[in-house]
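What follows is a short report on a single structure.
The numbers here are math on the coordinates, done by the rules we state, and not lab data. These numbers were taken from a predicted model, which means no experiment stands behind them. Ideal geometry is used to build each Cβ from the backbone, glycine not excepted, and the neighbour counts take in all protein chains shown.
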Amino acid sequence: MRIDIITIFPDYFAPLDLSLLGKARESGILDIRLHDLRTWTHDRHNTVDDTPCGGGPGMVMKPEPWGEALDAVTGDAPAGAEEATPRLILPTPSGAGFTQKHAERLSGEPWLVFACGRYEGIDARVAEEAARHMPVEELSIGDYVLAGGESATLVMVETVSRLLPGVLGNTASAQEDSFASGGMDSLLEGPVYTRPTSWRGHDVPPVLLSGDHGAVERWRRDESLRKTARNRPELLRAAPEGEFGRRDQE
Ligand code: ADE
């Protein structure tokens, strides 16, 4: 998968060299390209913002550098995928709520472009113009306001990338994640343990050492339900009728 990130802070993305994503980039599974928006400014101060039309606080990102940046970045198709259309992601607190479902869908795309806004956001005509050439999605990572789209982009890139075949050592582990479709769907993952079996007076639950796979599965499901009821009760209420048996609801 190719991912282009346009930002005024390319250094913000140093963590993408680390760990699983760093390895996926080295192996070629992930082709992440960073672009400094100021490359597409033409004044002495490399200006990317201006005051909002109609007044109000803060500054708005000017459309011209964004237009040129998107033309340059999206005009350059990945090798062997000249027909591929990029999908533009605009991280914004006013976007649709980003979920594991979005991540699963986006992980099937060949090419994503993230446009990181700062200040009060990007002039709305940029998204309007981009939508004439490619699909555009506004996504929010939560009901709070970040200083810019960079940290939201890091979150979404990591969430999508770990779903690509070959990125996680064990593909089963992604299927069992909290929120994963087909696996734990609307339940949270319960507690996990490793050796030593006794540590500072705390013991690993004996069922996990019993070798009884059926009992382990039942225990894990019960623990998932318990954790979901405690931390995210609304997920249980939102589950389809009959999703969790009567025993589950008790
Ligand atoms: N930019 C600022 N806040 C954001 C949020 N919550 N999600 C995505 N992008 C953002």
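Note on Cys53, Cys116: ascending count of other Cβ atoms within 10 Å places them as Cys53, Cys116, the fewest first. The residue list Pro110, Thr74, Ile141 was ranked by how far each Cα lies along the charge dipole of the chain toward its positive end, using unit charges on Cβ atoms, and Ile141 comes out on top. Sorted fewest first by neighbouring Cβ atoms within 10 angstrom, Val155, Val60 come out as Val155, Val60. Based on the alpha-carbon gyration tensor of segment 45-125 and its eigenvalue square roots a ≥ b ≥ c, which shape applies: rounded if a/c is under 1.5, prolate if not and a/b is larger than b/c, or oblate? Since a/c reaches 1.5 but b/c is at least a/b, the shape of segment 45-125 is classed as oblate. With R₀ set to 51 Å, the beta-carbon distance separating Asp212 from Val145 gives a calculated FRET efficiency near 0.55. Take the Cα of Glu158, step 7 Å toward its Cβ, do the same at Ala238, and the gap between the two points is 2.2 nm.
By the count of other C-beta atoms within 10 Å, a proxy for reagent exposure, Trp66, Trp199, Trp40, Trp219 are ordered fewest to most as Trp199, Trp219, Trp40, Trp66. Divided by 2.2 N^0.38 Å, where N counts the residues, the Cα radius of gyration of segment 186-249 comes to 1.29. The length gained on full extension between Arg200 and Thr39, counted as 0.36 nm times the residue separation minus their Cα-Cα distance, comes to 52.4 nm. With respect to the chain, whose longest principal axis is taken over its alpha-carbon atoms, helix 63-74 is tilted by about 60°. Highest GNM mean-square fluctuation among Ala14, Ala96, Ala127, for the chain modelled with Cα contacts below 10 Å: Ala14. A Gaussian network model of the chain, with springs between Cα atoms under 10 Å, assigns the largest mean-square fluctuation among Ser107, Ser198, Ser178 to Ser198. Simple spin-label estimate for Ala229 and Asp17 gives 4.9 nm between the two label positions (7 Å along the Cα-to-Cβ direction from each Cα). For Thr47 and Asn170, FRET efficiency with R0 = 51 Å and r from the beta-carbon atoms, rounded to 0.05? For R0 = 51 Å, the calculated efficiency reads 0.60. Placing R0 at 22 angstrom, the Cβ-Cβ distance between Ala84 and Glu129 gives a FRET efficiency of 0.65 after rounding to 0.05.
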